[in-house]
1. Any chance the stretch 434-447 includes a residue that's modelled with pLDDT of 90 or more and outside any loop (DSSP other than H, G, I, E, B)?
2. Taking the condition closer than 22 Å to GLU317 by Cα, crowded, with 22+ Cβ neighbours inside 10 Å, at pLDDT below 80 and out of contact with any Gly (no Cβ under 9 Å at 6 or more places or on another chain), does LEU96 pass?
3. For the stretch 369-378, check the following and say yes or no: at least one residue is surrounded by 20 or more Cβ atoms within 10 Å (Cβ to Cβ) and either touching a residue at least 40 places away in the same chain (Cβ under 8 Å) or not hydrophobic (A, V, I, L, M, F, W, C) (or both).
4. Given (1) closer than 20 Å to LEU347 by Cα; (2) surrounded by 15 or more Cβ atoms within 10 Å (Cβ to Cβ); (3) hydroxyl-bearing (Ser, Thr, Tyr), where does SER291 come up short, assuming only one miss?
5. Please work out which one of (1) surrounded by 22 or more Cβ atoms within 10 Å (Cβ to Cβ); (2) modelled with pLDDT of 75 or more; (3) more than 25 Å from ASP129 (Cα to Cα) is the condition THR91 fails and give its number.
6. GLU230 - would you say it is in a helix (DSSP H, G or I), under 23 Å from the mean Cα position of the chain (by Cα) and surrounded by fewer than 18 Cβ atoms within 10 Å (Cβ to Cβ)?
7. Of the residues that sit in the stretch 335-360 and are assigned to a strand (DSSP E or B) and hydroxyl-bearing (Ser, Thr, Tyr), which one is farthest from the chain's Cα centre (by Cα)?
8. Somewhere in the stretch 376-388, is a residue under 20 Å from SER277 (Cβ atoms) and not in a loop (DSSP other than H, G, I, E, B)?
Amino acid sequence: GGKNMILSRRAIVRLITFSVAIIAVLGFNAYDNSRKVDELTRTIHYSYQRAIEDLSTSVDNIKTTLSKGMYASSPEMMSDLSVKLWADSNTAKTTLAQLPIGELNLESTYKFLSQVGDYSQSLAKKVADGDELTDEEKENIKKLHGFSEKLCDDMWEIQSQMQQGLISFNTAKSLMNNSEESQPDVKDGFKGFEDQFESYPTLIYDGPFSDHILQKKPELTKDKENVSREKALDKALKATGLKSLEDDEDEGGKMPSYSFKGENTSVSVTKKGGLLSYMIKSREVLEENISTKEAKKKAEEYLKALGIKNMKTTYHETLYNSCTINFAAMDGDVTLYTDLIKVTVALDNGEILGFDARGYIVNHHERDLEKPKISEQEAREKVSSTLEIKDSKLALIPTQGLNEKLTYEFKCTDKEGKNILVYINAMNGKEEQILILIISEDGMLTV
């Protein structure tokens with residue numbers, strides 16, 4: 001049953017939208033003449049069509065890379081392929097979040113895109129450590145490739161039918177007329193892909209989206225008392241700035257929550273402790289009037305208003321005129337990359353469009369962190385001599401399964417000027433993780 005799932009299907013769909021600003025349809029009541037409505041409908045249709053094309057291209061790339069993965073044996077090749085899969089699956093998830101398909105059960109499609117990237121990274125690490133892939137793991141790559149082929153075919157079919165005008169997003173007209181449209185809706189195109197997931201393999205591996213991580217009990221709500229729906233509603237109203245919200249279907253699983261909706265807004269508050277779990281406002285942001293610096297300030301003020309203290313901005317990304325800022329909790333001088341909150345700010349007027357504290361609620365607790373056993377200087381010597389170290393700090397990072405490790409984070413540049421983050425275990429000097437830091441006009445991202 002839906003309510004007893006780890007996450008309700010609708011909750012998953014809501015959550016995928018946090019990393020980006022959602023392109024959605026708002027404010028139709030303001031358009032009281034049909035010319036403007038038609039113009040707006042056309043604009044929205046083109047933005048959705050572009051999103052469908054981007055999604056199709058990403059899924060095509062995933063399919064091609066997975067087919068290579070079936071034959072890759074060297075650590076270098078596996079590593080290259082996993083980096084590509086991780087980037088393409090993230091692009092696909094980001095694009096999926098721009099489509100107005102919230103009412104469709106897309107849990108499996110999203111999970112597939114998440115696991116493609118994470119599973120390949122897990123296998124690449126295994127091969128790099130000198131282990132060979134098992135027959136089961138090779139079979140899993142083959143199965144993932146099969147699913148990617150099916151999704152790819154479905155996506156190009158949807159894209160082609162949209163171009164020919166055979167199907168469309170009916171959001172605009174149905175919002176205007178409150179009437180059923182006879183033309184088939186693009187949302188139907190995803191149904192076939194979702195339906196085939198009954199045979200999808202359960203992947204238990206070391207990665208942030210592996211099935212068993214969804215089983216983890218939240219640390220932050222563990223000893224908290226249950227709050228009433230009224231108290232949760234009060235919190236939700238403050239968080240959204242709205243005058244009223246109506247009840248939505250509650251969420252079960254490991255983080256039972258009250259859910260509310262209203263004015264193109266979804267919001268969820270934990271039953272234990274009454275913590276804001278996530279909030280999302282769907283609207284199109286057409287221009288940039290404020291800077292990233294101002295957006296960060298707005299996000300910091302929002303956290304302060306919620307009573308969340310001791311957070312530090314880490315990375316940010318600007319997409320579709322909205323900026324998503326990642327905050328990590330601090331423990332003294334240690335950055336806790338395990339305890340993350342994402343806040344999305346509209347760059348037209350600074351409105352908070354998205355808030356996701358699920359990672360923070362699951363992981364945040366008082367830690368008794370050990371002191372490093374090796375010095376920063378000793379850790380520095382473990383970093384490749386081809387890299388120039390620019391900056392360093394202590395950081396707690398999530399690792400395989402549900403573990404976390406204290407590391408020295410070294411921000412470096414290579415000979416080509418690429419920004420590289422290297423994480424050296426502060427207890428034993430082992431190299432735990434290497435990330436490429438992409439710094440562009442649109443923000444900072446790690447791959």
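1. Among the residues of the stretch 434-447, not one is modelled with pLDDT of 90 or more and outside any loop (DSSP other than H, G, I, E, B), which makes the answer no.
2. yes
3. Looking through the stretch 369-378, none of the residues is surrounded by 20 or more Cβ atoms within 10 Å (Cβ to Cβ) and either touching a residue at least 40 places away in the same chain (Cβ under 8 Å) or not hydrophobic (A, V, I, L, M, F, W, C) (or both).
4. Of the numbered conditions (1) closer than 20 Å to LEU347 by Cα; (2) surrounded by 15 or more Cβ atoms within 10 Å (Cβ to Cβ); (3) hydroxyl-bearing (Ser, Thr, Tyr), the odd one out for SER291 is (2).
5. (1)
6. It is false that GLU230 is in a helix (DSSP H, G or I), under 23 Å from the mean Cα position of the chain (by Cα) and surrounded by fewer than 18 Cβ atoms within 10 Å (Cβ to Cβ).
7. The extreme case among them is THR335.
8. No.
The values are calculated or read from the model by the stated rules, or taken from the named source; none is laboratory data. Since the structure is predicted, the reported quantities are computational estimates derived from the model, not experimental observations. All Cβ positions, glycine included, derive from the backbone under ideal geometry; neighbour counts span all protein chains shown. Keep in mind that these areas ignore ligands, DNA and RNA; they rest on the heavy atoms of the full protein, side chains included. Shrake-Rupley method; radii C 1.70, N 1.55, O 1.52, S 1.80 Å.
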